[in-house]
Amino acid sequence: MSDTPLVELRDWCVRFGAARAVEGVSLALRRGETLALVGESGSGKSLTALSIAGLAPPAAQLSGSLRIEGREMLGAPESAWRALRGGRIGMVFQEAMGSLNPAMRIGAQIAEAIAAHRALPRAEIARRVLAGLSEVGLPDPQGKAAAFPHQLSGGQQQRVMIAMALAADPALLIADEPTTALDTTVQAQILALLAALQARRGLAMLFVSHDLAVVEGIAQRVAVMRQGRVVEAGPTTQVFAAPRHPYTATLLASRPGVALRVPLADTKAVPALEIRDLAVVFRPHRLGGARLRAVDGVSLTIAPGEALGLVGESGSGKSTLARAAVGLVVPTQGTIRVFGQDPQEPQGRRQRARLIQMVFQDAAGSLNPRLTVSQILAEPLAVHALCAVGERRDHAARLLAEVGLEAAHLDRYPHQLSGGQRQRVAIARALAVDPRLLVCDEPVSALDMTVQAQVLALLGRIRRERGLALLFIGHDLEAVGAVSERIAVMKDGRVVEIGAADAVLHNPITSYAQALVAAMPRRTARQSGPVAAPAMAHD
Amino acid sequence: MNVALQAGLSLARQALLLAGIAIIVFLLIRVVPGDVVDSMALEGSLDDEAIAVLRAELGLDADALTQFRLWAMRALIGDFGTSMRFDRPVAELILASLPTTLALAAMALTAGLALGIGLASAAVLWPRSILPTLVEGLNLWSIALPTFCVGLAAILVFSVWLGWLPVIGQWLSPVVILGLDIGGQVAKPLFEDLKETSTAAHIRTARAKGLSPTRIVLRHLLPNALTTVVALGGLILAGMIGGALTMEVLFGLPGLGTLAFQAISGRDYPVIQAVVLVFAAGVVVVNGLADLIQRTLDPRLRG
Amino acid sequence: MRYKHLNLKHGLWFKRFRLNQTCFRRAQLSTSASATARLPRSGGFSGLGVGITILGIAAVVAVLGPSLVPHDPLVQELAARNAPPDFLHWLGRDHLGRDILARLVAGTRISLAVALGATLVAVLLGAVLGLVAEALGRWPSFLVFGAFDMVRAMPSVLLALTLMVALGIGIWPLILALGVAYAPHMALVARAAWRRESGAGYVAAARVMGAPPLATLARHVLPNIAGALVTQVAIIMPRAITTESVLSFFGLGVSPETPSWGRMIAGATRFAESAPHAVLAPALALSVVTLGFALVGDRLRLVLDPLRERGR
């Protein structure tokens, strides 16, 4: 019976009333094997994974067949599920911070997972908790066991989650987007840890992700889901090398190439943006406390028509820099010149607005929910009196057409649009005043992969047609490299490396840039062996 | 910041608030046209000379600042002056009334919290039963029915029409009425909070660990939701004061409410001042305690 | 990491603020725009319809007032003291022989007017002052809200009571006292809405586009703050009505002969045994109208309140 699959789904359906979230999925997962479930948001991949652990929402109607270790689990009583969960199936979720009980010490949370499945003396449980914490590479297990979740960094929290999932020694680990919320270097460390643990313990792993590049490095087999169905499944190498389904091909092609770059124009003209010795200091509390130097002495220039990519991990100060450039944050020291003008001058504000515009990461938040698209697009036209009142609607329709939307969208409200459409509206609004420089603060990181590729392509086309300069901020090196001629790397408020995009991506000089590039999940990772695991101690 | 420092800061803040309230109360009562002496003079029992003497005796002829300083310093050592109506020290009157009010508040609060927490927890455990509707109903009850309207109705029904023993009613009715009111206020937000917490990611983790439902509710749900109740504590007490005052008068309980009632109708300002201040101090203290308990319950607030 | 920490603290503060709100309004707390919040509530009972009907009737009675009843609310007929209901006097007479229905109708106007006036005072004093202070910068805001904090530490019933002792009885002192008592709450609501709105992405976008600050205020910020305040009005008005009756009970409301619901209850309490109708009629009216406000306010908040998190 050793070839009985650990998990076998046959014709699995999850419905919410009339809505079908998962439809006719058949999958098998063998012991010691890693299966990746890939798809975009709404594809049903997370729901499939949750229902395998019996954690589908109570409103969900399940049908089909789910066999775990040969036993049919559809309609099984809750007590049977409880024995499986934690005991045979461990789970790791996307948001480690929210997934840990904020009011309970970490050691107690792990001990609880062991005690639920093994009748062991207290001392033995405590020993296993510490052993588990050191197995996932956490320094000072004793200290960590006594800590509360909020005292740990995001990467450490995810390590705790993994230790907790493996505490009762399960045969299957379900990892639902375990690295999506993490910085790139931390993501690489967690992936390496998961691969190592899987090999050592002979675990089976169900790895759910939206990111093909991540999946390729870790899974033997992959199943691509779309709209509740598995459109293609097979060995990873085969699916990646020769996708049979057009959707898989689209997904694979959505990793941006370098085609979006524009040959450089005249670099001797007045720079579009010139930042010199910029520093921005925040005070965390009214009563004082340590001052936070979010941006700490940054100088950079962008030539007209040039695209500069700014990469860095969370807290590196890249967003603050962007907000300072458009005047949302007052710099503590240093100068900013937009086409040679000082935006801080009393008359500079409106002039600068015509030259420099911004696209925000959170498209939904940057559009007023009470206004229709045509009202949103009319606002900049009205502020700068760019056209007569009667023509605003036509103008708005032209802007929409430029970003690939139809005039029918003019009367919709933001919540009636998809994420990608919202970001297109935000781009159209920024273009309304015909700016010369566009600041994009992580414009695609909240979007699905295929939508990301579309929005990036849109930005590339607009740049070409309008001769726009671009300050493109992101944490995804690949996306930033696709649209930028030059890349600046930020860390702790400083620019640690700046240079031509290809040079930074392929021959980084500083050790931090090297670490970033090494951590970048790339489709070439499999040829060059498993993902390198940098030092685990400090994440 | 450590816990002790935070507790100290919180204490200092509460003390500052109390001082501010004392000033406000003092100033408000002082701007009243006419003082005790005037109202006594109106009744014709004093001549001009006696008025002046009495004023000097009570310190009413000094300027506002001096008066406040004197009053505040006396109040600090528990001397709130002398009630003109009862001809007894105000502190004595307050001390005599305080136990009744404290007992009423404690009983009502215990009953209300037990009802609210119990009902909310039960409603979360059995969401398909009648219990969630009961939570809604109790909440509407406490919004729509002012406690003293219910009190009047209870007197009419039980004491007047049914002729039941008023002695039992004297304590039972106010406690039940206030308890229902508090229960309605607690149950709804707690129920909502429990419902929200039960969909939280860490509860999903607890289920993924294979824990039993009872353990999840007791160890993971309730402790996190109890901060809600504690945060509500001070506000519930503040909201209860109006009800408690009228309940005492309606049911003839000799507490602070009855004292305030008599003092207001007799324009006995020292007593009014003292009663208001005692209530305010109670609320400030409870708020401070609630803040402290919350910090111990939620490690994230300890910073 | 430190940013995250700040956000967390702010989030917790916000959560606590919302809890305070909840207790104050004693109404439904909906802390997230989860799917359940957006779905129409199950259960056939339409609270909103009932609430609107109640308030509509109360408003009509208040506007038309004494012309609805053929008796004068002030005329005493001592011979008919505490007379039970009959054909001429549908709800009977009170302890001074006045027609209770006439007084109830006249009292509707007075009680609603007092509540409305008090709420307006609270909005003007609290919301407007709070917003101006917040807009002026850190120090004005610190001072104004420090003062509000102090006033807020005192329960509103006590504050109104003390103010009434100081100001004396009458309609205008009553409106002022209740208004002052609820002003700090309005200020806090307005400030929370202001901070939320001025931190919104679309406000940042408007700044980047060079829109004049006042235009941005009028277009993006104020409409949402107004939504929050309208909701609070529906919550504070019934509280004002109730507090008025408590104050009347202590002899501190409007002048004794003025027919407000609180005064009617307070006056008739002593004769509850012989004339229960004189107590029950105004108490019932008061309860029904508070219920109407509660039902409408609950729904209004779901529709208008920007303090609810928006779905992303």
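The values are calculated or read from the model by the stated rules, or taken from the named source; none is laboratory data. Here the structure is a predicted model, which is why all the values come from computation and not from measurement. In this analysis, Cβ positions are derived from the backbone assuming ideal geometry, glycine residues included, and neighbour counts consider all displayed protein chains.
Based on what the data block shows, is residue B:181 within 14 Å of chain A (Cβ to nearest Cβ), crowded, with 20+ Cβ neighbours inside 10 Å, at pLDDT 80 or above and within 28 Å of the chain's Cα centre (by Cα)? Show your work before the answer.
Details: within 14 Å of chain A (Cβ to nearest Cβ): no; crowded, with 20+ Cβ neighbours inside 10 Å: yes; at pLDDT 80 or above: yes; within 28 Å of the chain's Cα centre (by Cα): yes.
Here the answer is no, as residue B:181 does not meet what is asked.
Listed conditions (1) of a type in the set (Gly, Ala, Ser); (2) surrounded by fewer than 21 Cβ atoms within 10 Å (Cβ to Cβ); (3) within 14 Å of chain B (Cβ to nearest Cβ); (4) touching a Phe, Trp or Tyr at 6+ places or on another chain (Cβ under 9 Å) are all met by residue A:56, apart from (4). Restricted to the stretch C:252-279, and to residues there that are within 7 Å of chain B (Cβ to nearest Cβ) and either surrounded by fewer than 24 Cβ atoms within 10 Å (Cβ to Cβ) or of a type in the set (D, E, K, R) (or both), the residue that is farthest from residue C:176 (Cα to Cα) is C:273.
Count, please, the residues in the stretch C:235-290 that happen to be under 18 Å from residue C:116 (Cβ atoms) and either in a helix (DSSP H, G or I) or polar (S, T, N, Q) (or both). Explain how you work it out, then say what you get.
Going residue by residue through the stretch C:235-290, those that are under 18 Å from residue C:116 (Cβ atoms) are C:235-245, C:247-248, C:253-254, C:258-263, C:285-286, C:288-290.
Those still in the list that are either in a helix (DSSP H, G or I) or polar (S, T, N, Q) (or both) too: C:235-245, C:247-248, C:258, C:260-263, C:285-286, C:288-290.
Qualifying residue count, the stretch C:235-290: 23.
When every residue of the stretch A:87-95 is checked against the conditions, none turns out to be away from every other protein chain (no Cβ under 11 Å), β-branched (Val, Ile, Thr) and buried (at least 17 other Cβ atoms within 10 Å of the Cβ).
From the list B:238, B:280, pick out the single residue that is in a helix (DSSP H, G or I), within 7 Å of another protein chain (Cβ to nearest Cβ) and either in contact with a strand residue (DSSP E or B) (Cβ under 6 Å, 6 or more places away or on another chain) or farther than 19 Å from residue B:116 by Cβ (or both). Walk me through how you get there before you give the answer.
Details: B:238 fails: either in contact with a strand residue (DSSP E or B) (Cβ under 6 Å, 6 or more places away or on another chain) or farther than 19 Å from residue B:116 by Cβ (or both).
None of the other options fit; the residue is B:280.
Per the listing B:262, B:273, the residue uniquely assigned to a helix (DSSP H, G or I), more than 7 Å from chain C (Cβ to nearest Cβ) and surrounded by fewer than 24 Cβ atoms within 10 Å (Cβ to Cβ) is B:262.
Of the residues that sit in the stretch A:65-124 and are in a helix (DSSP H, G or I), closer than 25 Å to residue A:10 by Cβ and charged (D, E, K, R), which one is modelled with the lowest pLDDT? Spell out the reasoning first.
At the first step, the residues of the stretch A:65-124 found to be in a helix (DSSP H, G or I) are A:78-84, A:96-99, A:106-115, A:122-124.
Still in the list and also closer than 25 Å to residue A:10 by Cβ: A:78-84.
Subset that is charged (D, E, K, R): A:78, A:82.
Details: A:78: 85, A:82: 89.
Going through the qualifying residues, I end up with A:78.
The number of residues in the stretch A:349-378 being free of Cβ contacts under 8 Å to residues at least 60 places away in the same chain, out of contact with any strand residue (DSSP E or B) (no Cβ under 9 Å at 6 or more places or on another chain) and more than 7 Å from chain C (Cβ to nearest Cβ) comes to 8. Taking the conditions (1) farther than 30 Å from residue B:138 by Cα; (2) surrounded by 14 or more Cβ atoms within 10 Å (Cβ to Cβ) in turn, residue B:116 satisfies each one other than (1). Listed by first and then second residue, the pairs with beta-carbon distance under 6 Å, at least 6 apart or on different chains, first residue in the stretch A:219-240 and in a strand (DSSP E or B), second acidic (Asp, Glu), are A:224/A:232; A:229/A:23.
Let's see how each residue does on (1) touching a residue at least 40 places away in the same chain (Cβ under 8 Å); (2) over 31 Å from the mean Cα position of the chain (by Cα):
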| residue | (1), (2) |
| --- | --- |
| B:195 | yes, no |
| B:210 | no, yes |
| B:215 | no, yes |
| B:218 | no, no |
| B:221 | yes, no |
| B:230 | yes, no |
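Do we have any residue at all in the stretch A:448-456 that's crowded, with 22+ Cβ neighbours inside 10 Å and in a loop (DSSP other than H, G, I, E, B)? No, there is no match, as no residue in the stretch A:448-456 is crowded, with 22+ Cβ neighbours inside 10 Å and in a loop (DSSP other than H, G, I, E, B).
Among the candidates A:175, A:168, A:181, which residue alone is within 14 Å of chain B (Cβ to nearest Cβ), touching a Lys or Arg at 6+ places or on another chain (Cβ under 8 Å) and not in a helix (DSSP H, G or I)? Before you say what the answer is, go through the steps one by one.
On the way: A:175 fails: touching a Lys or Arg at 6+ places or on another chain (Cβ under 8 Å); A:181 fails: touching a Lys or Arg at 6+ places or on another chain (Cβ under 8 Å).
Just a single option satisfies the conditions, and that option is A:168.
Is it the case that some residue within the stretch A:172-188 is more than 25 Å from residue A:40 (Cβ to Cβ), buried (at least 19 other Cβ atoms within 10 Å of the Cβ) and at pLDDT 90 or above? Within the stretch A:172-188 (the criterion being more than 25 Å from residue A:40 (Cβ to Cβ), buried (at least 19 other Cβ atoms within 10 Å of the Cβ) and at pLDDT 90 or above), the answer is no, since none of the residues qualifies.
Of the residues that make up the stretch C:297-310, is at least one more than 10 Å from chain B (Cβ to nearest Cβ) and at pLDDT 85 or above?
At the first step, the residues of the stretch C:297-310 found to be more than 10 Å from chain B (Cβ to nearest Cβ) are C:299-310.
Still in the list and also at pLDDT 85 or above: none.
Looking for residues that are more than 10 Å from chain B (Cβ to nearest Cβ) and at pLDDT 85 or above, one finds none in the stretch C:297-310, hence no.
Tell me yes or no: at least one residue of the stretch C:182-199 is away from chain A (no Cβ under 13 Å), under 19 Å from residue C:261 (Cβ atoms) and surrounded by 21 or more Cβ atoms within 10 Å (Cβ to Cβ). Quick ask: steps written out before the conclusion?
Residues of the stretch C:182-199 that are away from chain A (no Cβ under 13 Å), as a first pass: C:182-195.
Next, only the ones that are under 19 Å from residue C:261 (Cβ atoms) stay: C:182.
From what is left, the residues that are surrounded by 21 or more Cβ atoms within 10 Å (Cβ to Cβ) are C:182.
Yes, that holds for at least one residue.
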